[in-house]
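A short write-up of the structure that comes next.
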Amino acid sequence: MALKVRSVDPQGLAARYGITAGDEILRINGCRIRDSFDLAYYSSEYQLNILLKSKDGKQKKVKISRDSMLFMGIEPAPEPIRRCQNKCVFCFVDQMPKGLRKSLYIKDDDFLMSWEHGNYISLTNLSEADFQRIMDQYISPLYISVHTTDKALRQKMMGYKNDFDILKVLRRLSRAGISFHTQIVCVPGINDKLELERTILDLTRPELNTLSIGVVPVGLTRFRTGLPQLKPFDAHSATLLLSLIDILRREIGSDIIYAADEFFVLADKAIPGRAYYQDYPQAENGIGLLSLLRAGFGRCKREVIQSLDQDGADYLLLHSQAAAGEMRKIAAQIGAALTKSTLSAKAVRNDFFGPQVTVSGLLTASDILGQHASQPRQTLILPGNMFNVDGYTLDGLDRAALAQKLGRKLLLTHPFFEEVS
């Protein structure tokens, strides 16, 4: 396996030394180049002896001296994503209907994506060579789905067949200096209560390089036909879980244990302040987003109000059920300050995935169309994270198409309500 060059920046070192699109980089200074991480890792030396295979299949050698300020300028071709081989009882991908964006059905379990993008991985699909590479190249920190440190229970929950001891692996990585953020998808009656306590105690052992422990509730959609029967969290079980985490944080003296926002919402408890989340290491995991929302609006409150009070419009701020408490407070502050415009707020039910799914990132265009297709003179303000980086909802509509179907103007809240546009 080699790295294929997708394109070359004409201003970079690669172009100056004759590397072209379509070339394959086989080795740099004798080291095999398998992917973009290898390219960055091994091309940091001043003297580079590069072995290439050109488009015609011939090998050639290039010597590059990095004694100038020029960058390499190589854009690699897209690399295959290492797929998940597990069959987790709580897998969200297995609970999605057909017809959504194709990328949503990809079950990735790639350690390079974990390091680069914060994707959680199971480690169960890695070979000895993969582990050795992680340690040799110091690919750290990683984001690791633990769920439980009980060997037999983890195997049962995640559905893998190989003999795998997660604690043993974490100790080995720690000895090599690799750090990791960890995730526990908590399922009532399976890995909660005493099992959750034991897992957290294991992960906070001093010999492990655990940077954070995120506890998130199992996500259950209405599309679970043929899948194991699982219980969702309710107000009582969420309250018990939060109490357990509070006790452990105090008794262990560890502030790296975090509960997902959904637990606080279910238990009807106030969202903690910024001190609880420190530098928000698990924000991408839905932990601390409501705190960041509150802080973001606090910083930009004046600008947001000014932007909405220019044209005397009637705004309806739509939000997820999970964010209802914080969004009602924000809407009240905006509404009280507006002089020309008016603003009201309303939660959107997730009719598409079902009542157990309450976060804004899983709202669909069909949810908006089904509940808010009337009153075309009213401008809707939608959560920006309904749309992916390419601007599409889960069910494949972009902003313009959704606005056209609704017959009304749409605005989006930017991350953490710092802007509306």
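The values are calculated or read from the model by the stated rules, or taken from the named source; none is laboratory data. Keep in mind that this is a model prediction, so the values were computed, not measured. Using ideal geometry, Cβ is built from the backbone for each residue, glycine included, and neighbour counts are taken over all protein chains shown.
Identify all residues within the stretch 236-263 that are part of a helix (DSSP H, G or I), within 16 Å of GLY219 (Cβ to Cβ) and not charged (D, E, K, R); write none if there are none.
SER237, ALA238, LEU241, PHE263
Restricting to the stretch 353-379, count the residues that are surrounded by fewer than 21 Cβ atoms within 10 Å (Cβ to Cβ), of a type outside the set (Gly, Ala, Ser) and either farther than 16 Å from LEU411 by Cα or touching a His at 6+ places or on another chain (Cβ under 7 Å) (or both). So the count comes out to 4. Checking the stretch 41-59 against the condition returns a match, with at least one residue being aromatic (Phe, Trp, Tyr) and part of a loop (DSSP other than H, G, I, E, B). In the stretch 273-289, the count of residues that are surrounded by fewer than 18 Cβ atoms within 10 Å (Cβ to Cβ), modelled with pLDDT under 95, touching a strand residue (DSSP E or B) at 6+ places or on another chain (Cβ under 9 Å) and more than 22 Å from LEU201 (Cβ to Cβ) is one or more.
If we scan the stretch 188-211, do we find a residue that is part of a helix (DSSP H, G or I), out of contact with any Phe, Trp or Tyr (no Cβ under 8 Å at 6 or more places or on another chain) and hydroxyl-bearing (Ser, Thr, Tyr)? For the stretch 188-211, residues part of a helix (DSSP H, G or I), out of contact with any Phe, Trp or Tyr (no Cβ under 8 Å at 6 or more places or on another chain) and hydroxyl-bearing (Ser, Thr, Tyr): present. The single residue among TYR143, TYR105 that is of a type in the set (Ser, Thr, Tyr) and at pLDDT 95 or above turns out to be TYR143.
Residue count for the stretch 60-76, restricted to those that are assigned to a loop (DSSP other than H, G, I, E, B) and either surrounded by 10 or more Cβ atoms within 10 Å (Cβ to Cβ) or free of Cβ contacts under 8 Å to residues at least 40 places away in the same chain (or both): 7. ILE106 falls short of the stated requirement of being among the aliphatic types (A, V, I, L, M) and either under 18 Å from SER212 (Cα atoms) or outside the structural domain of GLU197 (by TED's automatic domain parsing) (or both). Among the residues of the stretch 79-115, just one is more than 23 Å from ASN191 (Cβ to Cβ), touching a residue at least 40 places away in the same chain (Cβ under 8 Å) and among the acidic types (Asp, Glu), namely GLU79. Please specify each residue of the stretch 178-206 satisfying the condition of being among the small types (Gly, Ala, Ser) and within 24 Å of GLY253 (Cβ to Cβ). Hit for the stretch 178-206 is SER179, nothing else. Being among the charged types (D, E, K, R) and in a strand (DSSP E or B) is a condition met by at least one residue of the stretch 96-115. Restricting attention to the stretch 278-299, the residues being polar (S, T, N, Q) and more than 17 Å from SER145 (Cβ to Cβ) number 2. Looking only at the stretch 77-92, decide whether some residue is surrounded by 16 or more Cβ atoms within 10 Å (Cβ to Cβ) and not in a loop (DSSP other than H, G, I, E, B). Looking for residues that are surrounded by 16 or more Cβ atoms within 10 Å (Cβ to Cβ) and not in a loop (DSSP other than H, G, I, E, B), one finds none in the stretch 77-92, hence no.
Conditions (1) at pLDDT 95 or above; (2) under 19 Å from CYS186 (Cα atoms); (3) among the hydroxyl-bearing types (Ser, Thr, Tyr), marked per residue:
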site	(1), (2), (3)
THR221	yes, yes, yes
THR225	no, no, yes
LEU242	yes, yes, no
PHE264	yes, yes, no
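Within the stretch 155-168, is even one residue modelled with pLDDT of 95 or more, touching a helix residue (DSSP H, G or I) at 6+ places or on another chain (Cβ under 7 Å), among the aliphatic types (A, V, I, L, M) and not in a strand (DSSP E or B)? Looking through the stretch 155-168, at least one residue is modelled with pLDDT of 95 or more, touching a helix residue (DSSP H, G or I) at 6+ places or on another chain (Cβ under 7 Å), among the aliphatic types (A, V, I, L, M) and not in a strand (DSSP E or B).
When you go through LYS346, LYS329, LYS340, LYS269 one by one, which is the residue that is closer than 24 Å to PHE387 by Cβ and either outside the structural domain of GLY370 (by TED's automatic domain parsing) or surrounded by fewer than 19 Cβ atoms within 10 Å (Cβ to Cβ) (or both)? Full working, then the answer.
Working: LYS329 fails: closer than 24 Å to PHE387 by Cβ; LYS340 fails: closer than 24 Å to PHE387 by Cβ; LYS269 fails: closer than 24 Å to PHE387 by Cβ.
Of the residues listed, the single one that is closer than 24 Å to PHE387 by Cβ and either outside the structural domain of GLY370 (by TED's automatic domain parsing) or surrounded by fewer than 19 Cβ atoms within 10 Å (Cβ to Cβ) (or both) is LYS346.
Every test in (1) farther than 16 Å from VAL89 by Cα; (2) under 23 Å from the mean Cα position of the chain (by Cα) is passed by ASP136 save one, and that test is (2). Selection of first residues in the stretch 7-28 that are polar (S, T, N, Q) and of second residues that are assigned to a loop (DSSP other than H, G, I, E, B), restricted to Cβ pairs under 6 Å at least 6 apart or on distinct chains, gives the following pairs, ordered by first then second residue: SER7/ALA21. Candidates are the residues of the stretch 214-225 that are touching a residue at least 60 places away in the same chain (Cβ under 8 Å) and of a type in the set (A, V, I, L, M); the one that is farthest from ILE287 (Cα to Cα) is LEU220.
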